[in-house]
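All remarks here apply to the structure that follows.
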Amino acid sequence: MGPFIAQFLTGLANAAALFLVASGLSLIFGVTRIVNFAHGSFYMLGAFIGYTVMQLLPGAFGFWSSILVAGLAVGLIGVIVEMLVLRPIYRAPELFQLVATFGVILVIQDLALITWGAEDLLGPRAPGLKGVIRILGEPVPKYDLALIAITPFILFALWYLITKTRLGVLVRAATQDREMVAALGVNQSWLFTGVFFLGAMLAGLGGALQLPKGGADLLMDFNILASIFVVVVIGGMGSLPGAFIAAVLISVLNVFGVRYMPQSTLVLMYVVMAVVLIIKPYGLMGRKEVAGEHGQVGEPEQPFSPFGRRGRLIVAVLLIALATLPFLGSKFAMILAIDIIIVCLFAASLHFILSLGGLVSFGHAAFFGGGAYAAALMVHYAGSPMELAFVLAPIITGFLAIIIGWFCIRLTGVYFAMLTLAFSQLLWSLVFQWGEVTGGDDGMVSIWPSPWASDTTVFFYLTMIIGFGGILVLRHAAHSPFGYALRASRDSAGRAEATGINTKRVQFVAFTFAGAMAGLAGTLFVFSKGSIFPTELEIGKSFDALIMVFLGGVKTLAGPLVGASALSLMQDYLTRFEYWRLALGLLIIAVVIIAPEGIAGTSQKLAARWGIIRRDEVQ
Amino acid sequence: MLELFDINSFYGKAHILNDLSFNIAHGEVVALLGRNGAGKTTTMKSIMQMVRPATGSVTFAGQDISKWPTHKIAKSGIGYVPEERRIFSDLTIVENLEVGRQSPREGVPTWSFDDLFDLFPNLAERRNNRGRALSGGEQQMLTIARTLMGNPSLLLLDEPSEGIAPIIVEQMAKTILELKSQGLTVLISEQNLHFARIVADRAVIIESGTNRFDGNFADLDSDPETRDAYLSV
Ligand SMILES: Nc1ncnc2c1ncn2[C@@H]1O[C@H](COP(=O)(O)OP(=O)(O)OP(=O)(O)O)[C@@H](O)[C@H]1O
Ligand SMILES: [Mg+2]
């Protein structure tokens, strides 16, 4: 009984910081509808700033004041981010802002590296709470007990703020219908800024509060990001009590998981999330999302139209120019081009489901990596030739998409995004931990193309044919009756159903198709590299694809290609510098602010305005 | 008090308001009439800049408000009661009113929670109920009360009688007349000519976003062709 209780208490103590950070994310999302990827960075800054202030302020009073100071400081940083980066782009298409917050992550990573160095910082112990207390013979750190004691006060303070103050009333009202709140005379900009302050401050407090338990390091931001998303989704987006229950659930399960099923720890929370969302699609205490209820006013969607003659000509010229690349004789350039074509196909497949289908997937890497692993396993275990792998791996990925889609398609919006994320994480941890078959962390190597295609030039042309072939198929699908049905399902599910379209089935098929195409990209990838590692299944890979699609422009078919090329080239060029994250982050933020419709979208608009292309040619 | 001049509003490429112009004088109740889809709601939203007119100007109390953000317009004294009501269903009645609360304004009646509960006794009984637990009529009262909390000098009422039982409609008419007697200026959009006649001093009829008639009800009655062409009586 003793160990059991001790572990339960540790779990509860861990929940305190997790809840603080997650509730901040939940508040920000609820009011501003921004999925703030940078929330983990606020948490990390809280830890670093708290550490520094603790060096300056001695004693117990100093310790606790430092935590408050760190919270306030991070709150102010949140305000700066909101005013400089997010304010200019509130009217951009939904979820576009997450690209900007991704840029913020990169900037904060390097700024923290510059300020605090690369070494992990050991958190100071809380004065007066250094030892342990024995409970039923088991040692429990005093600081854990202190955290458990503080948690009810945090809960009460937040509850009071949200239910009893005018700010809280406005926050809840804006969570439901922010346009109406503005029509009643409330300045949304300041409300948003206020909420950002509060949300960032909570993250900062969480980061500083966990210092004695975990210290401060540069990986904290990404490490907590997944957990807080999971907590917010399990609890129900925008629900603070839900976030609390979920934080406790996840923390306690984690502690027990580490103890009794160490091999399961990576997946445990995703399994819980998947189960909750399958049973309660809007989280434990969430509300159903009603489309349009939040009073978002965006421009109506421009319909895509097929390329005009001039458009086709431009594409043909570009392709021919690309095809002459091998004559330059630079192997390096060819390899870079191969990489870019592959990510273009990957991004295009995500764009298909995201833009046309209106389903934002946060877990598209499952299909890219899935395709790559399918091919690698076939080659490794069955000695399958490359040609067969190119046919079968995408089909296998399609089946994978059928399974995942079967669970996910019933959801929409952020919940869909999160469940796809959960499944991709499940797949990742499966590959990671099933080392006997997949090689685990060491990956799978020696997956080479057939002899005839092993020359770089030949493989380059092969990639061009398969890559652009796949993109062409996606384009055709977009302009086919199926593509129209998909867009109808996105724009008005009710009306589409009335005309006899089974919207869910249409989306299901589209999801499967997009998955298979991502699998094709993954297959190309594994043969181009000759190896595959679990990193290709990571969250980061899914995020890359999202950034590419949004950066290029969600509303144009050329967007994902432009975005993928731009991001790859930027990365390729910038990574040779020491602080490349800072540069890349600033670049991403700049693009997002200057071109809120993405690079392709904004250039096409400008071209149309200047009369270079006809308005209806904007596609 | 309010002046619309050559307003043109669009939804995407759909041209909804077409050089629409009309005025409202201080203390007047004007009925904005027109069939379904004539552009009444769009007119109200264009005044509030919730739809941004492409061209034209809106002048309120001598100031050009066409480029102002919505919240600033609301703060300057225009209260908007939307057709879809848009009450905050997770908030209680009191909290809904709190969202609309603004500081007192000179020269116009100031409303407190208690004043509004006097005006709408049905709401008083249920003040701690959540918005979603209210009937349609109660929701309509709440949305008007919520807007009055901002102490507006001009009230925009979008089809307040829609979908409400006849007794409540009668009550609504009384309320509007009372607001008028307190010095409020009101623009009320309606399809119900009978109701409009009771509350309004003047009618503006629009069709396809253009002003087709502007005058008092006696003039309208003496011109049955206009009436029948643009209204479904
Ligand atoms: N969000 C929108 N997007 C596109 N078209 C719209 C939108 N809202 C309204 N419309 C169109 O604009 C026109 C005018 O609509 P509006 O709501 O202003 O009419 P209305 O006079 O208020 O009608 P009703 O009496 O039915 O409320 C209609 O043809 C309508 O279909
Ligand atoms: Mg209307």
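The values are calculated or read from the model by the stated rules, or taken from the named source; none is laboratory data. Keep in mind it's a predicted model, so treat the numbers as computed, not measured. Quick reminder, even Gly has a Cβ in these numbers, built from the backbone with ideal geometry, and neighbours come from all protein chains shown.
Within segment B:208-218, the set of residues being more than 17 Å from B:Asn23 (Cα to Cα) and under 18 Å from the mean Cα position of the chain (by Cα) is empty.
Close Cβ contacts (under 6 Å, 6 or more residues apart or on different chains) running from residues in segment B:29-42 that are closer than 14 Å to B:Leu17 by Cα to residues that are near ligand 2 (Cβ under 8 Å from one of its atoms) comprise B:Leu32/B:Lys40; B:Leu32/B:Ser189; B:Gly34/B:Lys40; B:Lys40/B:Ser189; B:Thr41/B:Glu83; B:Thr41/B:Asp158. Checking each residue in segment B:31-61 for being in a strand (DSSP E or B) and more than 16 Å from ligand 2 (Cβ to nearest atom) picks out B:Thr55, B:Gly56, B:Ser57, B:Val58, B:Thr59, B:Phe60. Applying a threshold of 6 Å to beta carbon distances and a minimum spacing of six or more residues, or different chains, the list of pairs starting in segment B:80-108 at a residue that is on the phi > 0 side of the Ramachandran plot and ending at one that is of a type in the set (S, T, N, Q) reads B:Arg85/B:Gln139; B:Arg85/B:Thr143. A:Ser189 meets the conditions (1) modelled with pLDDT under 90; (2) touching a helix residue (DSSP H, G or I) at 6+ places or on another chain (Cβ under 6 Å); (3) within 14 Å of another protein chain (Cβ to nearest Cβ) in every case but one. The failed one is (2).
Collect the residues in segment B:66-83 that are within 16 Å of ligand 2 (Cβ to nearest atom) and part of a loop (DSSP other than H, G, I, E, B), keeping them in residue-number order. Walk me through it before giving the result.
To start, the set of residues in segment B:66-83 that are within 16 Å of ligand 2 (Cβ to nearest atom) comprises B:80-83.
Within segment B:66-83, B:Pro82, B:Glu83 qualify.
Within segment A:199-210, is even one residue under 22 Å from A:Ile162 (Cα atoms), outside any helix (DSSP H, G or I), out of contact with any strand residue (DSSP E or B) (no Cβ under 6 Å at 6 or more places or on another chain) and of a type outside the set (D, E, K, R)? There is no residue in segment A:199-210 that is under 22 Å from A:Ile162 (Cα atoms), outside any helix (DSSP H, G or I), out of contact with any strand residue (DSSP E or B) (no Cβ under 6 Å at 6 or more places or on another chain) and of a type outside the set (D, E, K, R). Answer yes or no: is there a residue in segment B:201-210 that is over 14 Å from B:Arg35 (Cα atoms) and modelled with pLDDT of 90 or more. Checked against the condition, which is being over 14 Å from B:Arg35 (Cα atoms) and modelled with pLDDT of 90 or more, segment B:201-210 yields at least one hit.
Filtered by the rule that a residue be among the small types (Gly, Ala, Ser) and touching a residue at least 60 places away in the same chain (Cβ under 8 Å), segment A:371-393 gives A:Gly371, A:Ala372, A:Ala374, A:Ala375, A:Ala376, A:Ala389, A:Ala393. The residues in segment B:156-192 that are within 16 Å of ligand 2 (Cβ to nearest atom) and either away from every other protein chain (no Cβ under 14 Å) or in contact with an Asp or Glu (Cβ under 6 Å, 6 or more places away or on another chain) (or both) can be counted, and the count is 13.
For segment B:193-228, a residue qualifies if it is touching an Asp or Glu at 6+ places or on another chain (Cβ under 8 Å) and within 16 Å of ligand 1 (Cβ to nearest atom), and the qualifying residues are B:Ala196, B:Ala203, B:Val204, B:Ile205, B:Thr210, B:Phe213.
Considering only residues that are over 18 Å from the mean Cα position of the chain (by Cα) and at pLDDT below 90, which ones fall in segment A:214-234? A:Gly214, the sole residue that qualifies.
Of all the criteria given as (1) touching an Asp or Glu at 6+ places or on another chain (Cβ under 9 Å); (2) under 19 Å from B:Asp214 (Cα atoms); (3) among the aliphatic types (A, V, I, L, M), the one not satisfied by B:Leu17 is (1). Of all the numbered requirements in (1) in a loop (DSSP other than H, G, I, E, B); (2) crowded, with 22+ Cβ neighbours inside 10 Å; (3) within 18 Å of the chain's Cα centre (by Cα); (4) more than 16 Å from ligand 2 (Cβ to nearest atom), B:Arg86 misses one, and that requirement is (4). Within segment B:96-117, the residues that satisfy the criterion of being surrounded by fewer than 22 Cβ atoms within 10 Å (Cβ to Cβ) and facing chain A (nearest Cβ under 9 Å) are B:Glu98, B:Arg101, B:Gln102. Number of residues in segment A:160-188 that are part of a helix (DSSP H, G or I) and surrounded by 15 or more Cβ atoms within 10 Å (Cβ to Cβ) equals 18. A:Ala70 fulfils the conditions (1) out of contact with any Ser or Thr (no Cβ under 7 Å at 6 or more places or on another chain); (2) surrounded by fewer than 24 Cβ atoms within 10 Å (Cβ to Cβ); (3) under 24 Å from A:Ile108 (Cα atoms) except for a single criterion, (2). For segment B:154-167, does any single residue satisfy the condition of being at positive phi and either within 11 Å of the chain's Cα centre (by Cα) or hydrophobic (A, V, I, L, M, F, W, C) (or both)? Yes, there is a match, as at least one residue in segment B:154-167 is at positive phi and either within 11 Å of the chain's Cα centre (by Cα) or hydrophobic (A, V, I, L, M, F, W, C) (or both).
Of everything listed in (1) within 16 Å of ligand 2 (Cβ to nearest atom); (2) touching a residue at least 60 places away in the same chain (Cβ under 8 Å); (3) exposed (fewer than 15 other Cβ atoms within 10 Å of the Cβ), the single unmet condition for B:Asp19 is (1).
Against the numbered list (1) closer than 26 Å to A:Pro3 by Cβ; (2) surrounded by fewer than 18 Cβ atoms within 10 Å (Cβ to Cβ), A:Ile279 comes up short only at (1). Out of the residues in segment B:148-163 that are touching a helix residue (DSSP H, G or I) at 6+ places or on another chain (Cβ under 8 Å) and within 16 Å of ligand 1 (Cβ to nearest atom), state the one that is nearest to B:Gln191 (Cα to Cα). Among residues in segment B:148-163 that are touching a helix residue (DSSP H, G or I) at 6+ places or on another chain (Cβ under 8 Å) and within 16 Å of ligand 1 (Cβ to nearest atom), the one nearest to B:Gln191 (Cα to Cα) is B:Glu159. In segment B:3-54, the residue that is nearest to ligand 1 (Cβ to nearest atom) out of those that are more than 14 Å from every other protein chain (Cβ to nearest Cβ), under 13 Å from the mean Cα position of the chain (by Cα) and not charged (D, E, K, R) is B:Thr43. Per the listing A:Lys164, A:Lys142, the residue uniquely within 14 Å of another protein chain (Cβ to nearest Cβ) and over 26 Å from the mean Cα position of the chain (by Cα) is A:Lys164. Between A:Thr499, A:Thr503, A:Thr512, which is in contact (Cβ under 8 Å) with a residue 60 or more places away in the chain and of a type in the set (Ser, Thr, Tyr)? Being in contact (Cβ under 8 Å) with a residue 60 or more places away in the chain and of a type in the set (Ser, Thr, Tyr) holds for just one of A:Thr499, A:Thr503, A:Thr512, which is A:Thr512. Of all residues in segment B:178-195, those satisfying the criterion of being in contact (Cβ under 8 Å) with a residue 24 or more places away in the chain and assigned to a helix (DSSP H, G or I) are B:Glu178, B:Leu179, B:Lys180, B:Leu193, B:Phe195.
Quickly run through segment A:571-589 and pick out the residues that are among the hydrophobic types (A, V, I, L, M, F, W, C) and within 20 Å of the chain's Cα centre (by Cα).
If the condition is that a residue be among the hydrophobic types (A, V, I, L, M, F, W, C) and within 20 Å of the chain's Cα centre (by Cα), then A:Leu582, A:Leu584, A:Leu586, A:Leu587, A:Ile588, A:Ile589 are the ones that fit.
Checking each residue in segment B:59-89 for being within 16 Å of ligand 1 (Cβ to nearest atom) and more than 10 Å from chain A (Cβ to nearest Cβ) picks out only B:Glu83.
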